[in-house]
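Scroll down for the structure; my scribbles are underneath it.
The values are calculated or read from the model by the stated rules, or taken from the named source; none is laboratory data. Everything numeric here is computed off the predicted structure, so don't read it as measured data. Cβ sites come from the backbone with ideal geometry, for glycine too, and all protein chains shown count toward neighbours. Quick note on the areas: whole protein, heavy atoms, side chains included, nothing else; ligands and nucleic acids left out. Shrake-Rupley method; radii C 1.70, N 1.55, O 1.52, S 1.80 Å.
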Amino acid sequence: MSNYHIKHLEEYFQVYRKSVHNPELYWAEIAEEHFLWRKKWDQVLHWDFNKPEIIWFQNAKLNITENCLDRHLSIRGDKTAIIFEPNNPEEKADYITYNQLHKRVCKMANVLKDQGIGKGDRVCLYLPMIPELAVAVLACARIGAIHSVVFAGFSATALATRIEDCQAKLVITSDGSYRGAKTIPLKKIVDEALEKSKVVKTVLVVKRVDIEINFKAKRDQWIQPLLDKASPKCPIEIMDAEDPLFILYTSGSTGKPKGMLHTTAGYMVYTAFTFKNVFQYQEEDVYWCTADIGWITGHSYIVYGPLLNGATTLMFEGVPSYPDYSRFWEIVEKHKVNQFYTAPTAIRALAKENLDFVKSRDLSSLKVLGTVGEPINEEAWHWYNDHVGNKNCPIVDTWWQTETGGILISPVPFSTPTKPTYATLPLPGIQPALVDENANEIHQNQINGNLCIKFPWPSVARSIWGNHQRYKDTYFSAYKNMYFTGDGAFRDEVGYYRITGRVDDVIIVSGHNLGTAPIEDAINEHPAVAESAIVGFPHDIKGNALYGFVILKETGQMRDRDNLSAEVNQQITERIGPIAKLDKIQFVSGLPKTRSGKIMRRILRKIAGKQTTEKDLGDTSTLLNPDIVQEIIEESY
Ligand code: WTA
């Protein structure tokens, strides 16, 4: 018997010990007992972090959608798979059963096939949070096409970069999307992107809002008539365990986003297992994750993890503030949500509003609360615990990354005692390590270090699309024989982990990963800008906000600074998207640099965070231009 479902603390420790003592046996038992395979594996795990190469369930054959859909039909075909809650509360919710979802996925898969899409082809999905997005994800997986979902808040330029990088043949989008009171013209953004990237042959358009759109002959078509004609049966493509399942872009420390490549079997086993345990999902429960499917959280814990477990997963199209700040709680009440998973930034935003928004709703259905995406501060944790959970629901602070595919460090509710701001203990199979600046593993507790993982787990990303060297350099080169997360962590006296934040050039704003380099590249393209540096600084709601230090060219010196600030932000919005806009812009005459010309962000971070005593700033003597520091401080906000 595998230990698929952990129910108490002793069991957790017992399972954890087994999982690290013999990971191959541990995962093989789970894989064997809980999934459908067309052929079993020859070897459970082959790995070499130096290459790096990681193979799980070698030579096994399967299709993940058979596991998400087909195998449930005889036992829970009429159970709701997806609840769709629209942006506008006046519009009716939709309840899609497993039978219906299966049909819709098959139809969409057949439409893709008719358009010439087959195994290994890349399909870009640029859609709002509507059921078609989940259907399209699964339709790709059914026929072995590799989906690349791009969050529909990204700009045309950002979309074009992602389409170009993976050479997507086809895009599925919608005419537009609703976000609160706004309508966003998604098809128009796709049109602009495709002016820049010519690789896409076909654009299929879902009708969601009523706006005029342009159709480019031969390239663009409404998807509905094609779906209407398509057969509701589509055989699965039999996939190898290590065949690519999807690409998902995440920010890195250079201008180019990293297309993290996830493969089939390991991702399936790990997301299913972690969904079951971290949320303690029971057959009749309604589970809701408020993330967007455009991020990894949506991939793993709206679509794959829940459906692999035959769960009912809620998809919400809108935003927490529309029509007012009770929207989340109204949805919890209406659908009797049992597990609720959101981001600290959303909690902080909601906690600032009148308590009546939450108090006036019946939240007694809730059993487990979760957070993800950034460290949760103590105050937000208590507000969530007191007012949403009514001190009655364990909070799972789940730490993980796009690269890890699934949750790695988190309490198991009802087993692991929680502790505010701590992600607590590693899940089974996860072997974390803290490493000091000399690359030595630190064994004692009550200490800070860089967080690494010493042993592969099934859902680790296998590569960066088209750039394996970058994958090696980013994750497997800093420390020998370890995966480096880019995060710092503190381990307390009992071994609980608390994630302290990024130690590299990635900044987490409102739970979104933003690299400094792409933002700086966008700013530097402004004709008046010579150079720029971006750092994060603490922000009440967003966790971090962005502070830009900008050097102007001579031509820019005479310009009005307010106008220039607005133009810089406009430039960022066009190149990346509004999520990357700067909260503060300071025009400076120089930036603190090392003698080798590297910007000393450490110092800029201190200035942005208003920590400007000599002690705060540390040693500035190695700077090429130490005088600039005082000048920047004097002119800072
Ligand atoms: C941060 C999101 C503290 C962390 C699933 C990580 C967290 C990055 C937590 C990955 C948490 C995620 N506590 N920090 N519970 N969860 N992070 O790729 O810095 O969008 O490296 O994946 O978010 O962000 P990503």
Exercise. Limited to the range 570-588, what total is found for residues that are within 19 Å of Glu192 (Cα to Cα) and not in a helix (DSSP H, G or I)?
Worked result: 2
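In the range 367-377, what residues are at pLDDT below 95 and either away from the ligand (no atom under 11 Å from the Cβ) or over 16 Å from His512 (Cα atoms) (or both)?
Within the range 367-377, the first condition is being at pLDDT below 95, and the residues that meet it are 373-377.
Passing the criteria: only Asn377.
Of everything in the range 471-491 that's part of a helix (DSSP H, G or I) and within 20 Å of the chain's Cα centre (by Cα), which residue is nearest to Glu164 (Cα to Cα)?
Step one: of the range 471-491, the residues part of a helix (DSSP H, G or I) are 471-475.
If we keep only those that are within 20 Å of the chain's Cα centre (by Cα) as well, we get 471, 474-475.
Details: Tyr471: 19, Thr474: 22, Tyr475: 24 Å.
Within the range 471-491, the match that is nearest to Glu164 (Cα to Cα) is Tyr471.
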Exercise. Taking the range 1-31, which residues are part of a helix (DSSP H, G or I), open to solvent by 10 Å² or more (accessible area, probe 1.4 Å) and of a type in the set (Ser, Thr, Tyr)?
Worked result: Tyr16
Seminar exercise, completed: Considering residues that are within 9 Å of the ligand (Cβ to nearest atom) and part of a loop (DSSP other than H, G, I, E, B), the number found within the range 505-522 is 1
For this session: Considering each residue of the range 467-497, count those that are in contact with a Gly (Cβ under 7 Å, 6 or more places away or on another chain) and surrounded by fewer than 19 Cβ atoms within 10 Å (Cβ to Cβ), and give that number.
Result: 1
Problem set entry | Filtered residues of the range 315-339 (kept if assigned to a strand (DSSP E or B) and touching a helix residue (DSSP H, G or I) at 6+ places or on another chain (Cβ under 6 Å)) | Gln339
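State whether one or more residues within the range 265-279 are in contact with a Lys or Arg (Cβ under 8 Å, 6 or more places away or on another chain) and either buried (at least 24 other Cβ atoms within 10 Å of the Cβ) or under 15 Å from Gly120 (Cα atoms) (or both). So that I can check it myself, show each step before the final result.
Of the residues in the range 265-279, the ones in contact with a Lys or Arg (Cβ under 8 Å, 6 or more places away or on another chain) are none.
No, there is no match, as no residue in the range 265-279 is in contact with a Lys or Arg (Cβ under 8 Å, 6 or more places away or on another chain) and either buried (at least 24 other Cβ atoms within 10 Å of the Cβ) or under 15 Å from Gly120 (Cα atoms) (or both).
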Seminar exercise, completed: For the range 363-384, pairs from a residue that is within 16 Å of His539 (Cα to Cα) and open to solvent by 20 Å² or more (accessible area, probe 1.4 Å) to a residue that is of a type in the set (A, V, I, L, M, F, W, C) and away from the ligand (no atom under 13 Å from the Cβ), with Cβ under 9 Å and 6 or more apart or across chains, are Glu379/Ala351
For this session: Filter the range 412-425 down to residues that are touching a Phe, Trp or Tyr at 6+ places or on another chain (Cβ under 7 Å) and not hydroxyl-bearing (Ser, Thr, Tyr) and give me whichever is nearest to the ligand (Cβ to nearest atom).
Result: Ala423
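Got a sec? Which of Ile211, Ile238 is open to solvent by 30 Å² or more (accessible area, probe 1.4 Å), more than 21 Å from His147 (Cα to Cα) and more than 26 Å from the chain's Cα centre (by Cα)? Write out each step before concluding.
Working: Ile238 fails: more than 21 Å from His147 (Cα to Cα).
It is Ile211.
Show me the helices (runs of 4 or more DSSP H) entirely contained within the range 219-312 in which 3 or more residues are β-branched (Val, Ile, Thr) and touching a residue at least 40 places away in the same chain (Cβ under 8 Å).
Details: elements: 224-229, 265-279, 305-308.
In the range 219-312, 265-279 are the helices (runs of 4 or more DSSP H) which contain 3 or more residues that are β-branched (Val, Ile, Thr) and touching a residue at least 40 places away in the same chain (Cβ under 8 Å).
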For this session: Can you tell me which residue within the range 390-411, out of those that are touching a Lys or Arg at 6+ places or on another chain (Cβ under 9 Å) and assigned to a loop (DSSP other than H, G, I, E, B), is nearest to the ligand (Cβ to nearest atom)?
Result: Pro411
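Which ranges mark the strands (runs of 3 or more DSSP E) fully within the range 53-164 that have 3 or more residues being farther than 30 Å from Pro23 by Cβ and either touching a residue at least 24 places away in the same chain (Cβ under 8 Å) or polar (S, T, N, Q) (or both)? Show your work before the answer.
Values: elements: 53-58, 80-85, 94-97, 122-126, 146-149.
It comes to 80-85, 94-97, 122-126.
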Exercise. Among the listed residues Arg361, Arg327, Arg348, which satisfies the condition of being within 16 Å of the ligand (Cβ to nearest atom), charged (D, E, K, R) and farther than 21 Å from Ile409 by Cα?
Worked result: Arg348
